[in-house]
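Notes follow once the structure below has been shown.
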């Protein structure tokens, strides 16, 4: 029982579901769910073990091997849990769509390839699984045709450019260090010159930056997320983006090594400072662009970019506290972002594909469980105490402030307030306010959808109140990178510069809620009224026209909208148009009739003769 | 001992908050040359509201208002009132900042359930105004935290006890002034009363609040005004050792605040944002730069 | 706060609360509303009696109907009255709500307001002065003390008749009845037959 | 000036009595079917402002009189509008027992609410009016209330006084 059997099971299972689907749908669904749960059990069995197994020896006379340590275990667990829950969610989401076998095959393939990335011990197998992931993600993004094809095209072009960057990096490492095994590379790289290491980091960070959607390379994400089917966009923004951050962690702390990486560059121009600055920009600008979106999934997509900014700030700051904050925020973001996408999927499933925030409303009366899930997700992403988002953000802020980076801390804080504003708009426009006539008889989300949403919510609240559980694993990862260990307890972190005790906050809040609830019940019983019995200055409530959603933050919108055009996207589009123009120009040379080609040859020979006569090079 | 503190500090906050409300109505009346209600009028209002029946729009309508009051109560536990700082050991200034989210968020959620466009407009104005004053507020708090190199408010207070009030020490006087400029916005008082504007959006989020809901909302308002001023006193006026003196400082700051907002008309939301992002933000930014330069 | 007030407060705080904090709905029906702003501002300060105007009926317990009531305004008045929380008191301000005033023979005004909603106090005069509001408020205090200001109880007990009168004047009403009126009342049947 | 306008009107429209009571008013009585043309004529002359459409109930002569009051916005120096303002009042008579008339909305857009009000209070049906639904009154009346034969005191006695007072209705439940 070792990790290569795990991979074989994962990939074999993916192919098997495709053929099972041909036989019967129920069998395929059951098998898909069983396979993913088996994977979770399999991985959790490997907790704490440090294994290194050869995967395949004869590949271009290089030995590919798999490796499992606490870092890869941590990522493997997140990948498999989010993958399983989104497959359970898509049982009823995809039922009446066409090409369902293809969908399940691709979903399991993406999950398997991510497990492969996380378990790969050397760069080549890492690259192979990376390509499988990118291409299967492309097929899933363009699953429901129409505009999804353009979004998929944009995604695949950028991820191919990223993969080329990674390939260049791998090849240059192989030529200088002669080996592709990550552990041995770290030893050899200490001898290399710092300029070479910066080159390696730039090539790899282009590849991983595109995949994790950092600001200059983020333009594919909003279209890809809003066009992909909801369960897959949960996986896409939940864990597929995290592969980019896994790559960053790998490069910074495993291959280059912590001491070397933090020493690169000096003062303001050290590499981790620039990456931290990029993280800060990523945390602020997309959050406020998200504020102005009207499509629910685009709003969530822009927030995925925003939260990645927090993770990168945490990782690249380089103190033990910020690394813990970064990795913990990575886990939290996987949880609440996947939950939010699933809630949008449930609402989309029940209201017949409507995602526009201006035309929904009042769904709390018809879908209460989906609302509570969306509320927990929104509280998590804002970082309200008692949710896990709060603990990780607290860690990141504390490290930013104590490391004397007040302007990064300011960016992070403003990002939080941007998230609060846009997620209240998300909750209000979809669930609160007047219920329109046409959604009068929307039923609750089916059980399979509710199940995965409830599980996500429980995990968010649990890790929020007892952050010690995930922090213990993260502490082990940190010490494996070479940072000082943190004093972790079940309820929080103790340190002389300020401890955090989530259980105290939890009991204080519960106590206060009970007291206020008792005071509330002391008053006379409130009579329940419907949404029509409402204050309208004595007039009757006009049907369907008494709900304020269109451009919810109008005064703010008018002030900051001109600054928030996506300049990077426009630059890329102009670049693409320019290249297309260049292509057309070149195409005109090949006119198709032979006469021109003869003239070209004669001209060319004339030029050669002229050069020979003038400078006689040959 | 801590249990006593945990019980005592919310009660102090409640009593002082209600007293401040009554005091503000009395002072405002006297400024308008009229006699004004008795100081204990808010208490009478709350007693009346608790004896009125009320209408509820659903479970979230109840939970939201309960959550918002509970959140404001818990913030008081983390905020040192004189010597009483029961829970500030388990999370410093960052926790206070985040717990202060509960108040407006709770009212926003319960207001949303009330399905009335007045509440939605009121809440969107509250959040936009909050974003407006958060920008300078964060700069101010960062300046204070990086000046004292700690995120725990108890240490900041102790540091001020030894040396002198940070409002009088050089680099921190600039953020202090910025904080005073945005205090009316944090309290939601007259120049920035656009959140609960009775004439325009018929008292915003409070439109659908009947008997006991309105009582809980007024108590929450009392708590949140006490908290905002106590935060200012702790950070800039070196919150003192015995609670009595601390409460005196809070009352003095509140009276100054009432004198300001009794004579101002209500700003429009764009004017409020433009003001908040221009002068206080500039002053706070300059304060942060100064603190960064004069780092010890 | 003399001694017997303290005793009264300790005995029934609810009644004292209702007396000393009357929040008035700011509802402009007729010409009388001109008298309300001066009663709030400096010269006749209403706040010393605990009377402050509030924006919505949900927060109010005093309903000042100032001036003549046209048939169209009656709809808004009934809706606002029904949206107010329970211990609520109405005061007819001016002679028009009492008996139609100078519009006694107009086809479009409501003559006796208390046929449609219960009214606890009347202030006579074709637009009485602001002091009259305070006389009404003090009278209301004595009524509340003597448990006589129970218009809202009457509305709840005889809602069926109020509803019948309202439907006689306004035709079918769009909003559902506030209290259940199942079970035909014999007197009502006799009338509509 | 007014006589120049008066002469032009007399020349254009044959049997209309034009009469000038004071210096700022010009009253034109015209038959039912000539109203549209004279209003168009006056509009071209610069009188675009239809101030009011009202109606008078001549019950003895069994006729309704529909009155259009026009005036000019601009006090420019064109030969028709002198420095002081001029109000032109166009009157026409329609039979009382068959109150039908044609709408002037094509000429003056803003006459729609006026005509709707006259329809509700006098019962005159305007051909081509988009929506002649009730505007002010909540209840429906057999005889439109502004007509002279509508006895308001009788109506009040019938409707409002018959509504019983609550106190003597039923026992305290």
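Any read-out appearing in this document is the output of simple, stated calculations on the displayed coordinates, not a laboratory observation. The model shown is predicted, which means the values in this text are computed figures rather than measured ones. All Cβ positions, even for glycine, are placed from backbone atoms using ideal geometry, and neighbour counts span all protein chains on display.
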GNM top mover of C:66, C:142, C:41 - chain C, alpha-carbon springs below 10 Å:
C:41
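I'd like the mean, over residues of B:199-209, of how many other protein chain beta carbons sit within 10 Å of each residue's own Cβ. Walk me through the intermediate numbers first.
On the way: counts 2, 1, 1, 10, 6, 1, 0, 5, 8, 8, 3.
Mean inter-chain Cβ contacts per residue within 10 Å come to 4.
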Given the options D:148, D:157, D:45, which has the most mean-square fluctuation in a GNM of chain D, springs set between C-alpha atoms less than 10 angstrom apart?
D:157
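Explain nothing, just the number: relative contact order of chain A, from Cα pairs under 8 Å at least 6 residues apart, as a whole percent.
Relative contact order here is 11 percent.
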Percent antiparallel among DSSP beta bridges with both residues in the protein assembly as shown, to the nearest 5?
60
For each of D:127, D:10, count neighbouring Cβ atoms within 10 Å of the residue's Cβ, then give the residues from fewest to most.
D:127, D:10
Kindly put A:266, A:422 in sequence by how many other C-beta atoms sit within 10 Å of each C-beta, fewest to most.
A:266, A:422
Roughly how many whole Å is it from the C-alpha centroid of the stretch C:112-166 to that of the stretch A:401-468?
49
Based on the Cβ-Cβ distance from residue B:271 to residue B:7, what FRET efficiency comes out when R0 is 41 Å, to the nearest 0.05?
0.40
What's the exposure ranking of A:37, C:126, A:177, going from fewest to most Cβ atoms within 10 Å?
C:126, A:37, A:177
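What percent do you get for the relative contact order of chain C when only Cα pairs under 8 Å and 6+ apart count? If you can, show how the numbers build up before the last one.
On the way: 281 pairs, mean separation 36.0, N = 193.
Computed value for chain C: 19 percent relative contact order.
For residue A:441 and residue A:98, compute 0.36 nm times the residue count separating them, minus their Cα-Cα distance, and round to one decimal in nm. Spell out each step's value before the answer.
On the way: separation 343, 0.36 × 343 = 123.48 nm, distance 2.59 nm.
Gain on stretching residue A:441 to residue A:98: 120.9 nm.
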Average other protein chain Cβ within 10 Å of Cβ, residues B:119-127:
6
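How long are the semi-axes of the ellipsoid equivalent to chain A, from square roots of 5 times the Cα gyration tensor eigenvalues, in whole Å, largest first?
Working: eigenvalues 367, 202, 142 Å².
For chain A, the semi-axes come out at 43, 32, 27 Å.
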Whole-Å distance, taken between Cα centres, linking the stretch B:198-255 and the stretch A:286-326:
33
Using the beta-carbon distance between residue A:199 and residue A:404 and R0 = 41 Å, what value does 1/(1 + (r/R0)^6) give for FRET efficiency, to the nearest 0.05?
0.85
Cα centroid separation - the stretch A:546-595 against the stretch B:275-296, whole Å
38
Label points 7 Å out from Cα along the Cβ direction at residue A:53 and residue B:199: separation in nm?
7.7
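Helix-only mean residue ellipticity at 222 nm, chain A, DSSP H runs n ≥ 4 weighted -39,500 (n - 2.57), per residue, nearest 500. What is it?
Working: 24 runs with 428 residues, N = 618.
That comes out to -23500 deg cm²/dmol.
As a check on your grasp of the helix formula, calculate [θ] at 222 nm for chain B: sum -39500 (n - 2.57) over DSSP H runs of n ≥ 4, divide by the residue count, round to the nearest 500. Write down the numbers at each step before the final one.
Working: 12 runs with 213 residues, N = 296.
Rounded to the nearest 500, it is -24500 deg cm²/dmol.
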Heads up, the protein assembly as shown by the C-alpha gyration tensor (a ≥ b ≥ c square roots of eigenvalues; a/c under 1.5 rounded, else a/b over b/c prolate, else oblate) looks prolate
What distance in nm lies between label points placed 7 Å from Cα along the C-beta direction at residue D:153 and residue C:8?
4.8
Residues of the stretch D:8-27 with backbone nitrogen within less than 12 Å of a virtual label 7 Å along the Cα-to-Cβ line of residue D:91, please, listed as ranges.
D:17-21, D:26-27
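Given the DSSP H assignment, sum -39500 (n - 2.57) over each helix run of at least 4 residues in chain C and divide by its residue total; what's the result at 222 nm in deg cm²/dmol, nearest 500? Please list the in-between numbers first.
Values: 9 runs with 82 residues, N = 193.
Using -39500 (n - 2.57) per qualifying helix, the result is -12000 deg cm²/dmol.
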Rounded to whole angstroms and listed largest first, the alpha-carbon spread of the stretch B:2-293 along its three principal axes comes to 55, 45, 41
If each of residue D:133 and residue A:618 carries a label point 7 Å out from its Cα toward its Cβ, how far apart are those two points in nm?
9.3
Counting only C-alpha contacts under 8 Å and six or more residues apart, can you give the relative contact order of chain D as a whole percent?
17
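Mind giving me the FRET efficiency for residue A:61 and residue B:59? R0 is 56 Å, r the Cβ-Cβ distance, nearest 0.05 is fine. Intermediate values should be presented prior to the final figure.
Numbers: r = 67 Å, r/R0 = 1.20.
Taking R0 as 56 Å, the efficiency between residue A:61 and residue B:59 is 0.25.
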Classify the stretch A:60-131 as rounded, prolate or oblate from the Cα gyration tensor: take a ≥ b ≥ c as the square roots of its eigenvalues, call it rounded if a/c is under 1.5, otherwise prolate when a/b beats b/c and oblate if not.
oblate
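Using a/c under 1.5 as the rounded threshold, could you call the stretch B:1-145 rounded, prolate or oblate? The axes a ≥ b ≥ c are square roots of the C-alpha gyration tensor eigenvalues, and prolate needs a/b larger than b/c, oblate otherwise. Before the final figure, lay out each step's value.
On the way: a/c = 1.36, a/b = 1.13, b/c = 1.21.
Note, shape of the stretch B:1-145 comes out rounded.
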Across D:163, D:69, D:36, the residue with the highest GNM fluctuation in chain D (Cα network, 10 Å cutoff) is D:163
